[in-house]
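Just so it is clear, none of the values below were taken in a lab; they were calculated from the coordinates. If you're wondering where the values come from, they're calculated on a predicted model, not measured in any experiment. No Cβ is skipped: glycine too gets one built from the backbone with ideal geometry, and neighbour counts run over all protein chains shown.
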Amino acid sequence: MGYVAVRGGGLAIEESLKLLEYQRARSGVTLEPDTIRRAFPDAIDQVMGESSLYAPDLAALALKQARGSIEEAVFLLRAFRSTLERPYVSCTVDTSKMRVDRRISAAFKDIPGGQVLGATRDYSHRLIDFDFARETPEAQRERAAELAQHFGVEESVFDGKASPEVAEAGGLYPKVLDYLRAEGILPTCENDDTEPVDVTMGALEFPCARSARLQTLSRGMTQAVEAFGYAAIRGYGPSHPTVGELRHGMAEVCVDVPGVEACDAEDAYYLGSIPLTEVESVFEVETEEAGVTTLSFEIGYGLVMGGAETKAIAMSVLDHCLDLGDARYPTQDEEFVLYHVDGVEAQGFISHLKLPHYVTFQSKLDTVRTARSHEGDAGCAANDAACAEAGAERAAAEALVDEKER
Amino acid sequence: MEQMYNFAFFDEASKREIRRAIFKGIAIPGYQVPFASREMPIGRGWGTGGLQVTLAIIGADDVLKVIDQGCDESVNAVNIKKLVAATTDVEVTEDTGEATIIQSRHRIPEQPLTEDQILVLQVPTPEPLRDFEPSEAKTRVLHAEADYTGAWLGLFDQIVKFGSTTTGADHPCLVNGRYVMAPSPIPRFDTLKLNDSDNLTILGAGREKKIYAVPPHTRVEPLDFEDYPFRVESFEGRACRLCGATDVYLDEFVDEATGKTVYQCNDTAWCAKRRAEKGGE
């Protein structure tokens, strides 16, 4: 009787966990979390970004425990995050002071400070490099030394952590959009110094504060944000942006000296720097000025942890979509977008379908049988032949239901 | 591993916040109170709402029972019980009468609960109007204005199409004459147990970030029409093959040996107790 096999669950769970552990242990390889952190910085970025927690060592440990599943590692880190007290709130992070190692603009060829391509796969050929299969640690070190010499930098092994030296390595660049504002092409906007909402400290409320929207998108499941963003620029929410600026670099995080709330850069404690990718996209929109329809620009904003550039661009698209809020397009419906981009929630609710549902199914069975018996009553009076046919169908359907239960 | 975490997993501030939401829920029966639902170490959608409620109210002297679909031994019940026990060291039980907190997914125990017990129900979809209106902003307005046309029309539509209402589990109820509430996917058979009960019932929806409650001795009326009264699942002429019970919710399955459909108490603790009592006689 497979249907009741879920009983005796305690023992079954213990054995299942042992089997899982056996599968992990018999792989015959032990990876140090430190190795994972250095070898897979992009995976670490994604786990930290979706978890809303900058913790490279823990992210590496979570990835190890999750055997490489990003979804599972995010789940682990988020659950850990739930247990942390939050004694401080950081000073506002000013991205114009970001130490930038890459910044591009698709809007202007000549931007103040120039385009900095930095390290990117954008123009790489996606050909599997079979040499990597045979790369030895010695060969890798030689390669690093050779490239360090090429770039005229002191050779050093990067441990995947944001040290002050790494943070200092990038340059300071003016923001491209400030240039456009100075040109009068973009409207200037006031800083919104409203205390931001923290969506991890309360349920989402609609209409949603912009800070709640941005935070939800930033910690959203990378692929979900990208899929919705793609839908928006492809046709479900006509929104085709020009990337005004995409910048990647290290941003300082400081907290106030206790008792002082001025966030004075001189006095505040420097905690460290975190890697961020920021995108400001420009959208052409129709507006009305003095009764005349004209064209102007609006901005969408994206900011994510690490180097998740596609996600950051998609976020900027969705930010703008949600500003427009045209109910015809799902990508402009804030409940549709914000409720469904969360990876842990999507994973949880979909996977709960694996739980037994036999009480609810029994209830459904009762409902379906009752409804079918009503149909039978009506049908018999009207047409005997149809009734016989319906009866046969009903018997077949019930047999099928019985079959499913087994 | 567990000693890395505080008593009952959460930090005290989190527990306090959840308790505030519970108090508000008790003060406004049937009203869905939004709360800062935390990510839990079990799947979101696997009972994290109920689990957060349990962890927020549990004390060292409590005795915990966890059931899933009527069964203490079901995998998810065991898993939740294990987590709470590991982080609190409270006593656990399968005996409904012994428990002070009963966390359940989709069933209310057959044994009537007392004023000293709290029932915590896990809720997947707390919004009874969700089928009718997908937008949360709009359903909140509908609740505020007590506009339950959608819920009534849904039932009316079912009667027109199928000759009876076709809600399975989770039949919407009017609580204290004010709020329409999703009682969680308990079968209709259990819905009536919520009315004028001696115990407090707290409902927690983790993924949807809502807590609501039915205080003791509160009116809970399933939505129905005079000419199409609320109907519970029928087990007429059927009895548990193990303990012979007839007035309980039954599981239906096929005996592989004989190919016949047989019935058994869904509430395994109730069934076991009845059999133990019979054996003792």
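Shape descriptor for the protein assembly as shown: Rg over Rh equals 1.02 (Cα atoms; Rh from the Kirkwood inverse mean 1/r).
Bridgeable lysines around A:LYS97 (alpha carbons under 29 Å apart, same-chain partners fewer than 8 residues away excluded): A:LYS109, A:LYS161, A:LYS175, A:LYS311. Taking the C-alpha atoms only, the angle from helix A:41-51 to the longest principal axis of chain A is near 60 degrees. Scanning chain A for GluC sites (Glu not before Pro) lying in DSSP loops with no more than 16 further Cβ atoms inside 10 Å, the longest uninterrupted stretch between such sites is A:267-406.
Taking the C-alpha atoms only, the angle from helix A:222-234 to the longest principal axis of chain A is near 90 degrees. Of the residues B:TYR249, B:PHE235, B:CYS271, the one whose Cα sits farthest toward the positive end of the charge dipole of the stretch B:234-281, with +1 on the Cβ of Lys and Arg and -1 on the Cβ of Asp and Glu, is B:CYS271. Computed about the Cα centre, the dipole magnitude for chain A is approximately 1560 debye when only Lys and Arg (+1) and Asp and Glu (-1) carry charge, each at its Cβ. All Cα-Cα distances of chain B, cut into 5 Å bins from zero to the largest, leave 1, 6, 12, 16, 18, 16, 13, 9, 6, 3, 1, 0 percent in each bin in turn. Using C-alpha pairs under 8 Å with a sequence gap of at least 6, the mean separation divided by the residue count of chain A gives a relative contact order of 17 percent. GNM on chain B, alpha-carbon springs under 10 angstrom: the most fluctuating residue among B:LEU155, B:LEU64, B:LEU121 is B:LEU155. Per residue, the average separation of C-alpha pairs within less than 8 Å and at least 6 apart gives the stretch B:234-281 a relative contact order of 34 percent. Note on chain B: with a GNM built from Cα contacts shorter than 10 Å, the maximum mean-square fluctuation among B:ASP61, B:ASP95, B:ASP198 falls on B:ASP61. Compared with the dominant Cα axis of chain A, that is its longest principal axis, helix A:70-81 is turned about 80°. Highest GNM mean-square fluctuation among B:TYR212, B:TYR148, B:TYR31, for chain B modelled with Cα contacts below 10 Å: B:TYR148. Counting only lysines at least 8 places from B:LYS65 when in the same chain, those with an alpha carbon closer than 19 Å to its own are B:LYS81, B:LYS82, B:LYS193, B:LYS273.
Can you tell me the relative contact order of the stretch B:12-222? Whole percent, Cα pairs under 8 Å, sequence separation 6 or more. The partial results should precede the final answer.
Values: 452 pairs, mean separation 59.5, N = 211.
28 percent.
DSSP beta bridges fully contained in the stretch B:12-222 are about 45 percent antiparallel.
Shielding value for B:44-57 is 3, the average number of Cβ atoms from other chains within 10 Å of each residue's Cβ. By DSSP, the beta bridges lying fully in the protein assembly as shown are antiparallel in about 80 percent of cases.
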